[in-house]
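Heads up, the thing below is written out as structure tokens.
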Amino acid sequence: MGKIKRIGVLTSGGDAPGMNAAIRAVTRTAIYNGLEVVGIRHGYQGLINANFKPLKASSVSDIIQRGGTILKTARCMEFKTTEGRKVAFENLKAAEINGVVVIGGDGTFTGARLFNEEFDIPFVGIPGTIDNDIYGTDYTIGYDTALNTVVECVDKIRDTASAHNRMFFVEVMGAEAGHIALYSGIAGGAEAIVIPEIKGEADNLKEKLEGNNRRKKSSNIIIVAEGDETGGAMALAEKLKPSFQDYDIRVSILGHLQRGGSPSATDRVNASRLGVAAVEALLDDQKSVMVGLQNNEIVLVPFRKAVKLHKDVNRQLVDIIDILNV
Ligand code: F6P
């Protein structure tokens with residue numbers, strides 16, 4: 001204790017609803033513990049450009065309910081280089097910042113991990129990405145809100161699909177992960193899902209949909225994760241079209257609307273918990289770790305593990321999709 005007097009906070013990678021709630025929690029917990037806080041704008045680019053602004057308790061009022069991030073975010077190529085990280089270190093030293101909380105996903109933690117191997121200013125991470133694909137935490141900030149947004153969209157698509165007896169391929173985000181597709185598939189009553197974690201799905205899907213056809217299902221909704229090997233909803237629809245001439249097929253790509261909006265209560269509460277835990281971890285002399293939630297308890301996970309290991313989808317939930325499509 002006692003080494004840390006001023007901390008920095010930044011958001012990096014894709015924005016996620018609840019990031020503002022986390023910035024607020026980090027800022028206020030630091031002030032509560034007698035520390036000064038500096039907001040670093042535009043992610044790691046702000047470290048390299050010394051784009052810093054002091055944050056007071058009032059700087060983060062009226063943001064808990066807002067999507068996006070008041071600090072802005074970016075994916076920074078320069079921070080991937082040793083030279084870039086050296087410049088960041090010099091800027092942090094000059095600004096007398098002795099610890100940094102980074103809010104983001106895989107790429108963010110990879111950068112933080114490298115920085116902490118080279119320099120002695122501790123970085124602590126908070127998982128923030130709608131994809132929920134970070135190993136070591138059951139939950140990432142933004143996932144719950146994005147999921148609810150997707151389910152709302154799927155419900156609406158269901159109305160029109162059913163009215164027209166159509167087959168809909170709905171593409172959701174998840175470049176390398178099917179968590180959004182899986183959960184929205186169950187919550188939206190989808191007939192099938194197609195996700196990167198399960199290979200060879202296109203052939204199985206044909207069989208499943210033929211079965212639905214025989215059982216006279218009048219409409220079908222298939223949720224496709226954008227990063228699936230089939231190439232996404234459009235490519236998959238094209239591939240299956242010849243086998244389902246009787247169906248009117250439509251594709252709906254939900255895109256970035258999944259990333260926006262006011263965070264859900266769950267995202268706000270978890271972001272607040274993780275924000276408090278991140279500052280406490282810095283005060284506890286932790287470095288190169290992510291604060292996460294496992295079984296609703298705060299845990300510390302080394303960046304090394306969080307970025308290297310893969311978080312699989314829950315296979316029992318994958319089975320549920322098939323069972324309920326009977
Ligand atoms: O990582 C979050 C995410 O929304 C992914 O689901 C998606 O593949 C990617 O970001 C999109 O990134 P961009 O906003 O740069 O297009």
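Below is a table of values for the structure above.
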quantity: Verdict on ASP246 being assigned to a loop (DSSP other than H, G, I, E, B), at pLDDT below 90 and closer than 24 Å to HIS310 by Cβ; calculated: no
quantity: Cross-chain or 6+ apart pairs with Cβ under 9 Å, region 43-54 first and without any contact (Cβ under 8 Å) to a residue 12 or more places away in the chain and over 13 Å from GLU83 (Cα atoms), then crowded, with 24+ Cβ neighbours inside 10 Å and among the β-branched types (Val, Ile, Thr); calculated: ASN51/ILE40
quantity: Filter result for ILE97 (farther than 19 Å from THR129 by Cα and in contact (Cβ under 8 Å) with a residue 60 or more places away in the chain); calculated: yes
quantity: Residue check, ILE103 over 20 Å from ASP267 (Cβ atoms), touching a residue at least 12 places away in the same chain (Cβ under 8 Å) and β-branched (Val, Ile, Thr); calculated: no
quantity: Criterion (under 30 Å from GLY174 (Cβ atoms), in a helix (DSSP H, G or I) and modelled with pLDDT of 95 or more) met by exactly one of VAL87, VAL26, VAL100; calculated: VAL26
quantity: Filter result (surrounded by fewer than 23 Cβ atoms within 10 Å (Cβ to Cβ) and more than 15 Å from the ligand (Cβ to nearest atom)) within region 86-108; calculated: LYS86, VAL87, PHE89, GLU90, ASN91, LYS93, ALA94, ALA95, GLU96, ILE97, ASN98
quantity: Those residues of region 224-274 which are away from the ligand (no atom under 16 Å from the Cβ) and basic (Lys, Arg), in sequence order; calculated: LYS239, LYS241, ARG250, ARG268, ARG273
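Every residue, every condition in (1) touching a Gly at 6+ places or on another chain (Cβ under 6 Å); (2) part of a helix (DSSP H, G or I); (3) under 17 Å from LEU257 (Cβ atoms), yes or no:
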position: ALA163; (1), (2), (3): no, yes, no
position: PHE168; (1), (2), (3): no, no, yes
position: GLU176; (1), (2), (3): yes, no, no
position: ILE180; (1), (2), (3): yes, yes, yes
position: PRO196; (1), (2), (3): yes, no, no
position: ASP203; (1), (2), (3): no, yes, no
position: LYS208; (1), (2), (3): no, yes, no
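The values are calculated or read from the model by the stated rules, or taken from the named source; none is laboratory data. Predicted model, so just to flag it, every value in this text is computed and none were measured. A quick note on method: Cβ atoms are made from the backbone with ideal geometry, for glycine too, and the neighbour counts reach across all protein chains shown.
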